[in-house]
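What follows is a short report on a single structure.
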Amino acid sequence: MHLEKLSLTNFKNYEDGRYAFGRQVNVIVGPNGSGKTNLLDAVYFLSLSKSAFQNQDAFSILHGADYFIIDGVFQETEHHHAQITISLQRGQRKVVMADKKPYERISDHIGRFPVVLIAPNDTDLVREHSEDRRHFFDGVLSQLDADYLQDYLTYQHVLKQRNSLLKLFAERNQVDNDMLDTYDEPLLVIGQRIHDRRQQFIAEYLPFFQSHYAYLSNEREVVNIVYESEVSNPGFAEEFRHFRRRDTVLQRTTMGVHKDDYNFLIGEVPLKKFGSQGQQKTFVIALKLAQFDWLESVKNIKPILLLDDIFDKLDDQRIGKLIARMDEGAFGQIFVTDARAERTRDLLSEVKAEVRFFETGDTSPL
């Protein structure tokens, strides 16, 4: 599976762009701020129907324009191509089409064209909040497990409704427990399914991750990921209902799988507190490479790999390890961005795969 063609209209800083990509390594070069990362984001958007960097779709519309269109052709198999079109008009709903036919549910598109992004800000997964870690692992699971994605979307919808109800109760200083029951029951049932799938996933994912970390670090440290959830407590349902009054006062649901976290450990201590910058970078690269291998192992498809400005952020050892994996044919189609074209040419000069260079502002290979 690979992306053959990409067409952009009013997407971020691209008023108009047309690209024909190679099956293996595609390098996008140009000065900082010229749109290299935006081009990667277009590939990501086409694959997952959302931006990797913007929370709201409308932020991806070119300034001063009223809409954007991303259109691409994927080769899914040797004899089958799929045209995917994503468009958004300001003030309207996003439309995702496959071969010019809209999906009934956009969520049906997710996972069809798996993609993995490695970006400079990935260490935020270590340093920032539990929400960032949940978002990452939920994204990995959603590309593979349609049932999980549907449960996740339903849970978020019910959670939002419950929180609105709690706010209303707080304003009225009156609680309707029967009405809360109608929201609590699906939250508990769906939340338990989400918890069980997350727990199963970590058990499957961990060997891939630990193998990559050992390779990248020359087996210097032992690392681990521990899934932490209140739902693991056998008495969680009773405790959840017990704290309704607290939830009403705070006007939000204070317990559930939306509060889960993933504890990143190096040795037996938290990576966030005790890991060096190099160890944190190695950890997140291993997370992403494990995502790649896990998706490939289950879907039997090599995901598209997006490498955003990583040669500028990694030391020579980690770059060498990553390029060695490229040379071994571990990956499928790869997109790389770099502000220094000559550096990338030198780094990839010995790679056996076909390497095409594109300069931002130009649609043809260099």
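The values are calculated or read from the model by the stated rules, or taken from the named source; none is laboratory data. Since the model is a prediction, treat every value here as computed from it, not as a measurement. Cβ coordinates were reconstructed from backbone atoms using ideal geometry, including for glycine residues, and neighbour counts include every protein chain displayed. To get the accessible areas, we keep the full protein, side chains included, count just its heavy atoms, and leave off ligands, DNA and RNA. Shrake-Rupley method; radii C 1.70, N 1.55, O 1.52, S 1.80 Å.
Within the range 301-313, residues that are in contact (Cβ under 8 Å) with a residue 40 or more places away in the chain have Cβ atoms under 6 Å from residues that are hydroxyl-bearing (Ser, Thr, Tyr) in these pairs: 308/37; 308/337; 309/337, counting only partners at least 6 apart in sequence or on another chain.
Go through the range 212-249 and give me each residue that's touching a residue at least 60 places away in the same chain (Cβ under 8 Å) and assigned to a helix (DSSP H, G or I). If the condition is that a residue be touching a residue at least 60 places away in the same chain (Cβ under 8 Å) and assigned to a helix (DSSP H, G or I), then 212, 213, 215, 216, 217, 244, 245, 247, 248, 249 are the ones that fit.
Quick check: is even one residue across the range 267-277 touching a Ser or Thr at 6+ places or on another chain (Cβ under 9 Å) and open to solvent by less than 10 Å² (accessible area, probe 1.4 Å)? No, there is no match, as no residue in the range 267-277 is touching a Ser or Thr at 6+ places or on another chain (Cβ under 9 Å) and open to solvent by less than 10 Å² (accessible area, probe 1.4 Å).
Looking at the range 272-290, which of its residues are within 19 Å of residue 114 (Cα to Cα) and of a type in the set (D, E, K, R)? The answer is 288, and nothing else. So is residue 77 of a type in the set (Ser, Thr, Tyr) and at pLDDT 90 or above or not? Criteria not met by residue 77. Being assigned by the TED database to the domain that holds residue 38, touching a residue at least 12 places away in the same chain (Cβ under 8 Å) and among the charged types (D, E, K, R): is that true of residue 346 here? For residue 346, the condition - assigned by the TED database to the domain that holds residue 38, touching a residue at least 12 places away in the same chain (Cβ under 8 Å) and among the charged types (D, E, K, R) - is not met.
Of all residues in the range 302-341, which are open to solvent by 50 Å² or more (accessible area, probe 1.4 Å) and not acidic (Asp, Glu)?
Listed by number, the residues that qualify are 302, 313, 317, 340.
Being open to solvent by 20 Å² or more (accessible area, probe 1.4 Å), among the polar types (S, T, N, Q) and assigned to a strand (DSSP E or B) is the requirement here; does residue 37 meet it? When the stated conditions are applied, residue 37 does not pass them.
Of the residues making up the range 205-237, just one is among the aliphatic types (A, V, I, L, M), at pLDDT below 95 and loosely packed, with under 15 Cβ neighbours inside 10 Å, namely 222. Annotation note: Cβ proximity below 9 Å between a residue of the range 150-169 that is in contact (Cβ under 8 Å) with a residue 60 or more places away in the chain and a residue that is of a type in the set (S, T, N, Q) and open to solvent by 60 Å² or more (accessible area, probe 1.4 Å) (sequence gap 6+ or interchain) occurs for 163/251; 166/251; 167/251; 169/251. Please determine, by comparing only the residues of the range 55-84 that are touching a Lys or Arg at 6+ places or on another chain (Cβ under 7 Å), outside any loop (DSSP other than H, G, I, E, B) and hydrophobic (A, V, I, L, M, F, W, C), which one is nearest to residue 35 (Cα to Cα). Here the residue is 61.
Screening residue 52 against (1) out of contact with any Lys or Arg (no Cβ under 7 Å at 6 or more places or on another chain); (2) surrounded by 14 or more Cβ atoms within 10 Å (Cβ to Cβ); (3) modelled with pLDDT of 95 or more; (4) under 27 Å from residue 309 (Cβ atoms) leaves a single unmet condition, (3).
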